[in-house]
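Before any comments, here is the structure.
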Amino acid sequence: MTLLGGLRVLDLSSEIAGPYATKLMADAGADVIKVETAEGDPLRRWSASHRDLAGDDGALFRYLNATKRAVVGDLDDAAVHALLVDADVLVEDGSLADDDLTQARAANPRLIVVSITPFGRTGSWARRPATEFTLQALCASTASRGLVDRPPLHVGGRLGEWITGTYAAVAALATTFAGGADPRGEHVDVSMLECMALTLGGFSALHVSLSGALEAARTFTGPSRSVEVPSIEPTADGLVGLCTITGQQFGDLMVLAGHPELSADPRFATAMARSRHITEFTALLHEWTTARTTAQVIEEASLLRVPVAPVGQPDTIPTFDHLVVRGVYEPNPAGFVQPRPPYRVSGVDRPPVTAAPRLGEHAGAAWGARAIAHHDAPVSRPLAGLRVTDLTAFWAGPSASSMLAALGADVIHVESVQRPDGMRFSSAKPPGEPGWYEWSAGFQHNNANKRGITLDLGDPRGRDAALDLIATSDVVIENFSPRVLDAFGITWDVVHARNPRTVMVRMPAFGLDGPWRDRTGFAQTMEQVSGMAWMSGYPDGLPVIPRGACDPLAGMHAVTATLAALHERERSGEGRFVEVTMLEAALATAAEMVIEHSAYGTSLHRDGNRGPVAAPQGLYACAGREQWLALAVVDDAQWSALTGVLASSELSDPRFAEAAGRRAHHDVIDELLNALTAARDLGATVEALVAAGVPAAPVTGFVGVYDLIPLRERRFLEVIDGPVVGRHEVLGVPFRFASRTEPWVERPAPTLGQHTDEVLAELGFDAGARAALREDGVTGTTPRGAA
């Protein structure tokens, strides 16, 4: 028995985003049939190193499409139409016309259609040309990254496409979960820009808004970019990844480095100050790191629980001892190694990995028996009626439970006055101001739609109340380090005994076993280990982390696994134990560099703003301060259009007529483009290029997302009205349901302990019992020690 056994998925998508969404479903047991044209998915012919595949399917294609079947045709073919009328889900990437979608839903009224496009299928930008590179520029990711005396930096590795695939899988599984005995169809419209804004742009705009500096930020001319300090640093034998999220971690690192006084030095005491004085600080830090091997730095830093890790490279990642012990990498049937699915579930089988299908290999394919069950809820709020006990903190876990709440679950976020959610302290207000711990953009962003209570789990009465809540819950989710819940006695055995139908989801950084089990790790650490950082940065510089993407990536993989476990529970009646590690979610979405090396012996490497898909690809300065044009030319037609818009005879050089020549002469083209754009207006140039069919975009700053036309047209920007923070715009859910016009954000994040009395009363605690818990500090509304 598998998690999604009997779920029928018709995959009409290509490249990465759609196939990764359907891979996540196939890995859980869904029957996925890939429908291609006679030319096949372009990824069949793809190698990031542009290797001659001699007619074989590329390794990345084989990774994304293993365990699927494949047919050739379209929706007009009788065989494909027969599959369509009995499918549960259809995934497409914008290649279908609106009439095609209408006819598909008419032929199968219970069908869930998931569309994945750069800007969504609705709005004035629906057909606007774009690539992952130009979308990174738009979503406020690129502007934030890099050195102030050099251009901003994108994130390498086509990360936005993988990100979008995870959100598409969430949307598909949530909508198929709803419907009861009479399932209704739905059209889910996924916007890649919105997925990337939510994950790579983060919540910087909300932080600025909460700080009261929104208008000033709109007129700021920059630069606004920086790099983490410390982050990836040289050692005696290579590189090491460091991360100091808290003041305590930075102070401990300075003690190790022999400079304890630096933790109080105003040049270095904050992350922004260190970025401004990067040369001075790194010179002092490197006295310590370069006198030690990477292993020695890791050993010493780990003793003080400073987040530290080896820096993953294409040839080293599968050899890391922790990953070997946990069996993270496994053979693909084609002979290379690949990461396994980034979650483990108790009591169910995992489908065997079978070879990716050859083009049209399964002509005449038919569906197996349908075994999927449905939860009785409106499709527009597919998780309505479910309750979630949310024991998460910071970003990764709360992003998962926030999605569950947006989709309709009653999510109860549990904190304590002794140890509130640590994200509260990344505040837009300084400590000491009244209620300063309520002004965190990260907390507001990742806890909307939830109710919030406080319980001291170290007190037997608090633990008992938590178990009473769990007894009424469908899901329990947490992302503490492994030892925390064990210390509180809230283990899977205990949870399962209290409620055998509960799905328990644990999200440790590195996993519940293995040599790194008890190490401290944040998103930055995962980006260092997984190779995401290795693929990002200036070609002559150190690797640069994407900055936080691994938190919501882990969160959406956790939601995917949770929904799959809930699907299975509808059939078996049994709750399941689910482990989803942040590191393995990162490895799954940074897989290409390991796969490319394992399959072909090629080591991919960071290359500034260039990439393997487009040439030229880069940022080009326009007239004015910090006016950067993001440009990506994918094919010869776009190149011809570019030369026409810029009216340049030099660009018409026959050496540049084909992609291989443009890639070989990228330096020359960059010089010409920089000269051509230097005096041009950024906005007018972008619009002229886009009108000619060339992917182009401005590099958008932190608050620029508030002014993007497609985000407003599609109502991605929503409003919270908090009792403390007041009205502010937040980023919503990056997909639209055809049946839903209401906002996704229905209530702001709770203030500390806001709903404690309400929830405890629902659990049967009378007024006297609730008062006693307050008086004894088991519950409360103010952090212990905070004004």
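So what is the calculated 222 nm ellipticity per residue for the chain, using -39500 (n - 2.57) for each DSSP H run with n of 4 or more, over all residues, to the nearest 500 deg cm²/dmol? Kindly include the intermediate steps, with their values, before the conclusion.
Numbers: 30 runs with 276 residues, N = 787.
Computed ellipticity for the chain at 222 nm equals -10000 deg cm²/dmol.
What's the local net charge at A169, with K and R +1, D and E -1, over the other residues with C-beta under 11 Å away?
With Lys, Arg at +1 and Asp, Glu at -1, the neighbours total 0.
Which residues' amide hydrogens lie under 5 Å from the amide hydrogen of E36, considering only partners 5 or more residues apart or on another chain, with H built in the peptide plane?
Those lying under 5 Å, H to H, from E36 are V71, V72, G73.
Once Lys and Arg get +1 and Asp and Glu get -1 on their Cβ, which of F737, V703, P654 lies farthest toward the positive end of the dipole of segment 619-768?
After comparing all options, I get P654.
Could you do me a favour and compute the accessible area per residue for segment 181-298, 1.4 Å probe, result in Å²? Spell out each step's value before the answer.
Details: 4790 Å² over 118 residues.
Here the residues of segment 181-298 average 41 Å² of exposed surface.
Among N447, T289, A561, whose Cα projects farthest towards the positive end of the dipole of the chain, with charges put on the beta-carbon of Lys, Arg (+1) and Asp, Glu (-1)?
N447
Return the sequence-ordered ³J(HN,Hα) values of segment 248-257 in whole Hz as given by the Karplus equation 6.51 cos²θ - 1.76 cosθ + 1.60 applied to θ = phi - 60°, using x for Gly and Pro.
4, 5, 5, x, 5, 5, 5, 4, 4, 6
Applying a 10 Å radius around every beta-carbon, put 122-130, 142-150, 15-23, 491-499 in order of their mean neighbour count, most first.
Going from most to least packed, we get 15-23, 142-150, 122-130, 491-499.
Leaving out ligands, DNA and RNA, what percent of the accessible area of the chain is carbon and sulfur, probe 1.4 Å? It would help to have the intermediate numbers written out before the result.
Working: 14290 of 26990 Å².
Solvent-exposed carbon and sulfur of the chain make up 53 percent of the total.
Can you give the net charge of the other residues whose Cβ lies under 15 Å from the Cβ of M272, counting K and R as +1 and D and E as -1? Walk me through the intermediate numbers first.
On the way: positive: R145, R225, R267, R274, R276, R547; negative: E228, D265, E280.
Net charge in that neighbourhood comes out at +3.
Classify segment 1-77 from the C-alpha gyration tensor, please: rounded if a/c falls under 1.5, else prolate or oblate depending on whether a/b exceeds b/c. Walk me through the numbers on the way to the answer.
Values: a/c = 2.55, a/b = 1.46, b/c = 1.75.
Taking the square roots of the gyration eigenvalues as a ≥ b ≥ c, segment 1-77 is oblate.
For semi-axes √(5λ) of the Cα gyration tensor in Å, one of [x] 60, 30, 21; [y] 42, 36, 27; [z] 38, 34, 26 was computed from the structure I shared and the rest are decoys. Which label?
Checking each listed value against the structure points to [z].
Using +1 on the beta carbon of Lys and Arg, -1 on that of Asp and Glu, and nothing else charged, what's the dipole of the chain about the Cα centre, debye to 20? All intermediate terms of the calculation are to be shown ahead of the outcome.
Numbers: 67 positive and 95 negative charges, 121 e Å.
Dipole about the Cα centre, nearest 20: 580 debye.
Name the GluC sites (Glu not before Pro) in segment 576-607 that are in a loop by DSSP and that have at most 13 other C-beta atoms within 10 Å, would you? Working shown, then result.
Details: sites: E579, E584, E592, E596; in loops: none.
Hits after loop and neighbour filter: nothing returned.
Within straight cross-link reach of K429, meaning Cα distance under 16 Å, which aspartates and glutamates are found once same-chain residues fewer than 8 apart are removed?
E438
Whole number in Å², please: accessible area per residue of segment 426-545, 1.4 Å probe, ligands, DNA and RNA not counted.
Details: 3650 Å² over 120 residues.
Per residue, segment 426-545 has 30 Å² of solvent-accessible surface.
Checking the cross-link filter: which lysines have an alpha carbon closer than 24 Å to that of K68, excluding same-chain neighbours under 8 positions apart?
Cα-Cα hits under 24 Å: K23, K34.
Can you give the net charge of the other residues whose Cβ lies under 13 Å from the Cβ of D252, counting K and R as +1 and D and E as -1?
Values: positive: R305; negative: E300.
Residues near D252 contribute 0 overall.
Filter the trypsin sites (Lys or Arg not before Pro) in segment 346-435 to those in DSSP coil with at most 12 other Cβ atoms within 10 Å of their Cβ, and list the result.
Counting only loop positions with at most 12 other Cβ atoms within 10 Å, the trypsin sites (Lys or Arg not before Pro) in segment 346-435 are R358.
G452's amide H: which non-local residues (gap 5+, or another chain) put their own amide H closer than 5 Å, with H modeled 1.01 Å from N in plane and none for Pro or chain starts?
Correct list: H413, Q754, H755.
In terms of the Cα gyration tensor, with a ≥ b ≥ c the square roots of its eigenvalues, is segment 414-527 rounded because a/c is under 1.5, prolate because a/b exceeds b/c, or oblate? Provide the component values of the computation, followed by the final result.
On the way: a/c = 1.93, a/b = 1.27, b/c = 1.52.
Verdict is oblate for segment 414-527.
Once you have a ≥ b ≥ c as the square roots of the Cα gyration tensor eigenvalues for segment 320-475, tell me rounded if a/c is under 1.5, and otherwise prolate or oblate according to whether a/b is larger than b/c.
Working: a/c = 2.25, a/b = 1.77, b/c = 1.28.
It comes out prolate by the Cα gyration axes.
Placing unit charges on C-beta atoms (Lys and Arg positive, Asp and Glu negative, everything else neutral), compute the dipole magnitude of segment 609-706 about its Cα centre in debye, rounded to 20. Each step should come with its number before you reach the end.
Numbers: 6 positive and 11 negative charges, 32 e Å.
So the dipole magnitude of segment 609-706 works out to roughly 160 debye.
Applying the Karplus parametrisation 6.51 cos²θ - 1.76 cosθ + 1.60 with θ = phi - 60° to the phi angles of segment 709-714, what ³J(HN,Hα) value in whole Hz is obtained for each residue in order, glycine and proline being reported as x?
Once θ is set to phi - 60°, the couplings for segment 709-714 become 4, x, 5, 6, 4, 8 Hz.
Among DSSP bridges having both ends in the chain, what percentage is antiparallel? Round to the nearest 5.
Working: 31 of 74 bridges.
Around 40 percent antiparallel, to the nearest 5.
For segment 570-628, which trypsin sites (Lys or Arg not before Pro) pass both filters: DSSP loop (anything but H, G, I, E, B) and at most 10 other C-beta atoms within 10 Å?
R625
The values are calculated or read from the model by the stated rules, or taken from the named source; none is laboratory data. Quick caveat, the model's predicted, so the values are computed rather than measured. Note that we place each Cβ from the backbone using ideal geometry, even for glycine, and neighbour counts take in every protein chain shown. Quick note on the areas: whole protein, heavy atoms, side chains included, nothing else; ligands and nucleic acids left out. Shrake-Rupley method; radii C 1.70, N 1.55, O 1.52, S 1.80 Å.
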